[in-house]
Amino acid sequence: MIRGVIRNALVTGVAGVLAMGVAAAVASPADAAASTLGEAAAESGRYFGAAVAANHLGESQYVTVLNREFTSVTPENEMKWDATEPSRGSFSFGNADRIVNHAQSQGMKIRGHTLVWHSQLPGWVSGLWGDDLRSAMNNHITQVMGHYRGKIHSWDVVNEAFEDGGSGARRQSVFQQRLGDGYIEEAFRTARAADPNAKLCYNDYNIDDANAAKTRAVYNMVRDFKARGVPIDCVGLQSHFNSQSPVPSNYQQNIEQFAALGVDVQITELDIEGSGTAQAENYRRVVQACMAVSRCTGITVWGIPDHYSWRASGTPLLFDSNYNKKPAYYAVLEALGGSSEEPPPGGGDCTATITPGQVWSDRFNLSVTVSGTNNWVATVRLQSPQRVIATWSGSFSWDYTGLVMTVRPNGSGNTFGFTVMHNGNWNWPSVSCEAA
C-alpha cells in the first residue's frame, strides 16, 4: 500500500472538498448499523440468545443486559427432567415459567432445554425398565411440551446421546441400555405429536469437527432420520471451546454438511475460554461461520457475565464480571453485521479511544489515542469492502485479508491515525488494544 504520498495528497485537498459540503451527509458513519447483538442478528433473520437462570432475574444489571442484547433465551436448568418432574407424574414449572414469562414480556424467543438426557435425571427414572421406562419418557415429553405448547421455538428433544472418543457409539444411558437405539426416534415422534409447530433438535457437544467420529455418528443418524421421515428439524452444536479444544478449522464445513441434510443448525451453548484479542478472534470465527450458512439460524451463548458461567475461571463469555463489554463482544457484533461507536476495551490497563477526523465523499479519517500504557499493541478491524489507504504516527502491519491492521508505537506518541476508503460501507472500524 502506498501510504505517505496518498496521505499528503488527501490533506492538501481537504479544504476544497469540505467547502463543497460533501461531509454533511455522512457526519455519523456508524449510525446505519445495529448496535446490539440481538438487533444485528435479526437483520439477517437470525436470533442471538443467552442461557438464563431464573434466580438471576432479580438482579438489575443482569436483566438490563439480557433485555438490551438478546432476542432468545434458553433456561439453563429449569426445564430439565429433575426440575420439571422431580417425582413421577408430579410436574413443577415455577422457575421455568418465570423465564418464559420474562422472555415473552420482552418479545424474545425461547429454546426448550432439554427433554431426554442421561444427566440431571430424578432418581425414580433409573428404577424403571422396559415399557414402564418408555411410558415415563413419552409422558414426560408430552406433559412438558404440552405445558409450553406454542411458546417454544425449538426444543432440544434428545441431548448428548453419543459417546466421546473415536467409537461413534451411543452413550450407554439408562434409555440406551433399557430401550435400545430406537428411543431417540421414539422421542422425536412423541415430540412432534406434542407440539407440531416447534422445531425439534438433537443437541450435543464435541460435534464441531466435521470429520470427528462423534460428528459422523450424529450426521449418519440425522441422515437416516431424514430419509425415513423421522421428524427432526435441527442440530444443536454446543460449541464449548478452549485451548485444548479449539475452534476446528472445518467448523463452517461442518455447519454446511448438516444443513445439506435439510435441517437447520443452531449454535446452542457457545462459550470460549480466554481473553483479549485471541478470545475475540475465536468468537469472530464461530459467528462468521454461522453467518456464511443460511440454515444456521441462531446463536446462544451459555450465560451472560463471566462470573455466572459454569467455566467462570476461564472467563469464556462476552461480558466481564462487572457487565462490561469485552473485546469478544465487539468481535461478535461486527461479525453479525453490527457496529458500535463505543470503543472496545483493551486488555489490562490499555484503552483505545477513537476520534473522528475529516470526511470526504469516498473516505474518512480516524485517529486513535491509547491510554494506560506506553507499550501497547492495537488492533483495527475494518468491514469489507473498506480499505486503509493512508496511515501515520505508528508502526502498521496487516493480515492476509487486508481487513485487520495491527499497530504498535513508533516513537511518535500514543496517538495514531489512518484514512479509510469506505467503498460504500460507512461503519467505523473497531479498535481494541492490549498492553504489550
Pairs needed: first member in the range 227-241, under 16 Å from Ala198 (Cα atoms); second member anywhere, in a loop (DSSP other than H, G, I, E, B); C-beta distance under 8 Å; at least 6 residues apart or different chains. Ile232/Val263; Asp233/Val263; Cys234/Val263; Val235/Ile207; Val235/Val263
Within the range 391-421, count every residue that is assigned to a strand (DSSP E or B), farther than 18 Å from Ile354 by Cβ, at pLDDT below 90 and not aromatic (Phe, Trp, Tyr). 1
Can you name every residue in the range 280-295 that is in contact with a Ser or Thr (Cβ under 8 Å, 6 or more places away or on another chain) and not small (Gly, Ala, Ser)? Val286, Met291
Listing of strands (runs of 3 or more DSSP E) fully contained in the range 223-308 that carry 2 or more residues being out of contact with any His (no Cβ under 6 Å at 6 or more places or on another chain) and among the acidic types (Asp, Glu): 264-272
Please pick out the residue among Arg111, Arg170 that is more than 26 Å from Gly45 (Cα to Cα) and at pLDDT 95 or above. Arg170
Does the range 230-244 contain any residue that is out of contact with any strand residue (DSSP E or B) (no Cβ under 9 Å at 6 or more places or on another chain), open to solvent by 10 Å² or more (accessible area, probe 1.4 Å) and aliphatic (A, V, I, L, M)? no
For Ala436, state whether it is more than 25 Å from the chain's Cα centre (by Cα), aliphatic (A, V, I, L, M) and closer than 26 Å to Trp360 by Cβ. no
Here the residues within the range 398-430 that are over 10 Å from Val370 (Cα atoms) and of a type in the set (A, V, I, L, M, F, W, C) are Trp398, Leu403, Val404, Met405, Val407, Phe418, Val420, Met421, Trp426, Trp428
How about the range 181-206: which of its residues are in a loop (DSSP other than H, G, I, E, B) and open to solvent by 20 Å² or more (accessible area, probe 1.4 Å)? Asp181, Pro196, Asn197, Tyr205, Asn206
Some residue of the range 138-147 being in contact with a helix residue (DSSP H, G or I) (Cβ under 8 Å, 6 or more places away or on another chain), open to solvent by 30 Å² or more (accessible area, probe 1.4 Å), β-branched (Val, Ile, Thr) and within 30 Å of Thr297 (Cα to Cα): yes
With the requirement that a residue be open to solvent by less than 10 Å² (accessible area, probe 1.4 Å) and assigned to a loop (DSSP other than H, G, I, E, B), what does the range 310-322 give you? Pro316, Leu317, Leu318
Can you name the number of the only condition in (1) more than 23 Å from Asn139 (Cα to Cα); (2) under 22 Å from the mean Cα position of the chain (by Cα); (3) buried (at least 20 other Cβ atoms within 10 Å of the Cβ) that Met221 fails? (2)
If you go through the range 405-419, how many residues are surrounded by 20 or more Cβ atoms within 10 Å (Cβ to Cβ) and in contact with a Phe, Trp or Tyr (Cβ under 6 Å, 6 or more places away or on another chain)? 2
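The values are calculated or read from the model by the stated rules, or taken from the named source; none is laboratory data. The shown structure was predicted, so the numbers you read here are calculated from the model rather than taken from an experiment. Neighbour counts are summed over all protein chains in view; Cβ atoms, including those assigned to glycine, are modelled from backbone coordinates with ideal geometry. Side chains included, ligands, DNA and RNA excluded: accessible areas come from the protein's heavy atoms. Shrake-Rupley method; radii C 1.70, N 1.55, O 1.52, S 1.80 Å.
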